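The values are calculated or read from the model by the stated rules, or taken from the named source; none is laboratory data. Since we're looking at a predicted model, the values are computed, not measured. Cβ atoms come from the backbone with ideal geometry, glycine included; neighbour counts cover every protein chain shown. Remember, those area values only see protein heavy atoms, side chains included, never the ligands or the DNA or RNA. Shrake-Rupley method; radii C 1.70, N 1.55, O 1.52, S 1.80 Å.
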Amino acid sequence: MNIVIIGCGAAGAGAAAQLRKLLPDAGIKMFSSEKYPFYSRPRVIEYLAGGLEKEKLFIKKEDWYKENNIEFYTEEKITSINPSDKTVHSENRGKISYDKLLIAAGAHSFMPDFKCTGKGLFTLRTIDDADAIMNYAKGKKKGAVIGGGLLGIEAANSLTAHGLEIEIIEFFERLLPRQLDDEGAGILQKMLEEKGLRFRLGKQTEKITEEGGGLEISFKDGEKTSAEMILVSAGIRPNRDIIKDTGIEADKGIKVNGNLRTNIEDIYACGDIAEFNGVIYGIWPAASEQAVIAAKNIAGENEEYKGSVMSTKLKVAGIDLASVGEITEENGAKGKSYGDGRVFRKIFEKDGKIAGAILIGDTKDYMKLQKSISEGKKAEELV
């Protein structure tokens, strides 16, 4: 069996490792548009802060692919897919045949149309992005981050390590709208302000223009602010161009069923490019889980993916933060808060069972909470 994998992130590399275990004699070819082997995308933030050597980002170095008999091609773009004759077209190697194809081509940072003139506007997703940002930051004193989500706040904190004063601009009235409710966001904001970060909440950027050697940000309400460089953290968009004219069904991402298969036989998708039941998870744990299940189905097993629990655990500017499951009261869940100002804990209950939780300052119960949600335990068991 000849298997082609497009992409070498958590989804692509995870699937390759599982496939090699299940199919020791299969031919596996992997293609990555980046110049690096599999690395930890979440840790690029640490690298940006200057606290991590580039070498320590890599999870599976080139030797791993050789040892596992995987043909691995870097800086190799797949330009088209032809399901009718089961081939993909490589920019440098032409036609490549497959028996099974896994599309794990990931996503890219979304850049709104700010009608920007001038230099100094960046997004952050790859090692190369981080290198470009660090090089440009040299000698700069004032920066702005557009987007108060996880990446935006972490990137802002990383940039302060380069001596920049940073202002975070967020469209919503609170930070981390996907991970925190109003109460939790307010507590986190206060902690971050004590660390020196500044915020403009409820602001929609209209345009960015060059002004006095720097950049001026104009908001729709008429207010303005300025910066020498700007990092835009406005989410991701799946790399759907790869399936143009293939007949593969897609909406926000490539639509997959419970076997992680597309509507076309022998073509699968997983990770940030895959949409399951209308959801693109966009988180590392979901990509890893999907990778294993996709590999098992490619290998002939029949394992069903039922979705992932939305969860996040990390340090935000040195503050431990975790969010898991339902963390709003919009769908009938009710939250109860505990804390003393430095440590915050909010447990959400629905139909007598724990539905979600927010932890700030102390995340030691994160794994326990995740398991409890899956097992349908009662909230009082965790208080």
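Structure summary
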{"quantity": "Filter result for Glu165 (at negative phi and loosely packed, with under 14 Cβ neighbours inside 10 Å)", "calculated": "no"}
{"quantity": "Residue count, the range 165-176 (criterion: over 22 Å from the mean Cα position of the chain (by Cα) and in contact (Cβ under 8 Å) with a residue 40 or more places away in the chain)", "calculated": "1"}
{"quantity": "Where a residue in the range 142-157 is within 16 Å of Met111 (Cα to Cα) and its partner, wherever it lies, is open to solvent by less than 10 Å² (accessible area, probe 1.4 Å) and in a helix (DSSP H, G or I), with Cβ under 6 Å and at least six apart", "calculated": "Val145/Gly152; Val145/Ala155; Val145/Ala156"}
{"quantity": "Residue selected from the range 296-352 under the condition part of a helix (DSSP H, G or I) and in contact with a strand residue (DSSP E or B) (Cβ under 9 Å, 6 or more places away or on another chain), by the criterion farthest from Ser374 (Cα to Cα)", "calculated": "Ile298"}
{"quantity": "When residues of the range 337-373 are limited to those that are touching a Gly at 6+ places or on another chain (Cβ under 8 Å), among the β-branched types (Val, Ile, Thr) and within 17 Å of Gly318 (Cβ to Cβ), the one least open to solvent (accessible area, probe 1.4 Å)", "calculated": "Ile360"}
{"quantity": "Residue match in the range 117-132 (condition: at pLDDT 95 or above, loosely packed, with under 13 Cβ neighbours inside 10 Å and not β-branched (Val, Ile, Thr))", "calculated": "yes"}
{"quantity": "Among (1) under 22 Å from Ala274 (Cβ atoms); (2) crowded, with 19+ Cβ neighbours inside 10 Å - the single one Gly147 does not satisfy", "calculated": "(1)"}
{"quantity": "Those strands (runs of 3 or more DSSP E) lying entirely in the range 206-295 with at least 1 residues in contact (Cβ under 8 Å) with a residue 40 or more places away in the chain and open to solvent by 30 Å² or more (accessible area, probe 1.4 Å)", "calculated": "224-227, 236-238"}
{"quantity": "Test: Ala250 is touching a helix residue (DSSP H, G or I) at 6+ places or on another chain (Cβ under 9 Å) and at pLDDT below 95", "calculated": "no"}
{"quantity": "Pair list, Cβ < 8 Å and 6+ apart or interchain, from the range 297-317 residues that are crowded, with 19+ Cβ neighbours inside 10 Å to residues that are aromatic (Phe, Trp, Tyr)", "calculated": "Asn297/Tyr268; Ile298/Tyr268; Tyr305/Phe276; Met310/Tyr281; Ser311/Tyr366"}
{"quantity": "Strands (runs of 3 or more DSSP E) within the range 49-159 that include 3 or more residues over 24 Å from the mean Cα position of the chain (by Cα) and not hydroxyl-bearing (Ser, Thr, Tyr)", "calculated": "94-97"}
{"quantity": "Residue ID - least open to solvent (accessible area, probe 1.4 Å), chosen from residues in the range 42-73 that are closer than 30 Å to Lys313 by Cβ and among the hydroxyl-bearing types (Ser, Thr, Tyr)", "calculated": "Tyr65"}
{"quantity": "Residue that is most open to solvent (accessible area, probe 1.4 Å) [pool: residues in the range 133-144 that are under 25 Å from Tyr36 (Cβ atoms) and of a type in the set (A, V, I, L, M, F, W, C)]", "calculated": "Met134"}
